[in-house]
């Protein structure tokens, strides 16, 4: 059986623990390793490092996993918080998958199938938003994201923006040729924590735009995608994940998911929300480690492409007066 070690105790670590528990025939009960506690040595054929520490600690833990003999790892995003950390992960011998579960849900996968089948014709743009209300919920106690040594120098850009950028890479099938960001800091808990981001990328002839935010009053976990093509337009939202709305001319129709695949992909309209993405990802990893099956889960190599694009764009950003806090 796979012998996982979970590093972390927050919401992401709990979601990953629940996802591992979906596969009791293949995965032993995980051992928890606290922040500051060393990783145990791994059985190379069984050990799985599951990393869900504060963001800036992901890279050191991945490097430690390599030193301890781990062949496999699952890591929360972002795996790195600056370009120096990105460079240190290049060529990492540990096969690592990143927790971008959104691309594994039915909606984005169905959009990608339609794209590959040519149903859109020429795609003009992918646009949408990823909105939360984290920065406008009122005063909160200082946490690890307020310490750059633990959370890095960004908030929304790498916390939510990496999810969006991963979806764009997945849908278009190619890395961004150019990336531009503009950040706001309204209601920021700490001066370095951006709360609202406009993120634009180009992938060949396809342009993308996302409004990425924790500064939207009244938002829960609002993620929506709109693919604009010359033949048809398709819209999908995470809040209604088993439905795609297609538009053609002045008409529209609704496509509803009909298949299920337990345990991680339940029957239509009985999904697990964002936990389902973790379940799909862990299921892919388990199938690969135990049975050598192909993996659709995003890899560290793909993730580093996204991080280079976002961090490079942040370095080149020109911030308008009044946007960044004093």
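Of the residues that make up the stretch 40-51, is at least one within 19 Å of residue 152 (Cα to Cα) and part of a loop (DSSP other than H, G, I, E, B)? No. Reported count of residues in the stretch 157-171, each being more than 16 Å from residue 82 (Cβ to Cβ) and in contact with a helix residue (DSSP H, G or I) (Cβ under 8 Å, 6 or more places away or on another chain), is 7. Selection of the stretch 1-39 for residues being crowded, with 16+ Cβ neighbours inside 10 Å, more than 18 Å from the chain's Cα centre (by Cα) and assigned to a loop (DSSP other than H, G, I, E, B) yields 22, 23, 26, 30, 39.
When the helices (runs of 4 or more DSSP H) confined to the stretch 61-162 are screened for residues that are free of Cβ contacts under 8 Å to residues at least 12 places away in the same chain and under 25 Å from residue 226 (Cα atoms), those reaching at least 1 such residues are found at 106-116. Scanning the stretch 130-145 finds one or more residues that are farther than 17 Å from residue 11 by Cα, crowded, with 21+ Cβ neighbours inside 10 Å and in contact with a helix residue (DSSP H, G or I) (Cβ under 6 Å, 6 or more places away or on another chain).
Checked against the criterion of being more than 14 Å from the chain's Cα centre (by Cα), modelled with pLDDT of 95 or more and not in a loop (DSSP other than H, G, I, E, B), the candidates 308, 290 yield just one match: 308. If the condition is being closer than 22 Å to residue 10 by Cα, surrounded by fewer than 19 Cβ atoms within 10 Å (Cβ to Cβ) and touching a helix residue (DSSP H, G or I) at 6+ places or on another chain (Cβ under 7 Å), then the stretch 62-118 contributes only 63.
Checking the stretch 178-201 against the condition returns no match, with no residue being over 30 Å from residue 147 (Cα atoms), surrounded by fewer than 19 Cβ atoms within 10 Å (Cβ to Cβ) and out of contact with any helix residue (DSSP H, G or I) (no Cβ under 9 Å at 6 or more places or on another chain).
Tell me, please, whether a residue that is part of a strand (DSSP E or B) and more than 23 Å from residue 76 (Cα to Cα) can be found in the stretch 171-179. Spell out how you get there, then give the answer.
First, pick out the residues of the stretch 171-179 that are part of a strand (DSSP E or B): 178-179.
Now restrict to residues that are more than 23 Å from residue 76 (Cα to Cα): 178.
There is at least one residue in the stretch 171-179 that is part of a strand (DSSP E or B) and more than 23 Å from residue 76 (Cα to Cα).
The values are calculated or read from the model by the stated rules, or taken from the named source; none is laboratory data. On a predicted model such as this, the values are computed, not experimentally measured, just so you know. Ideal geometry is used to build each Cβ from the backbone, glycine not excepted, and the neighbour counts take in all protein chains shown.
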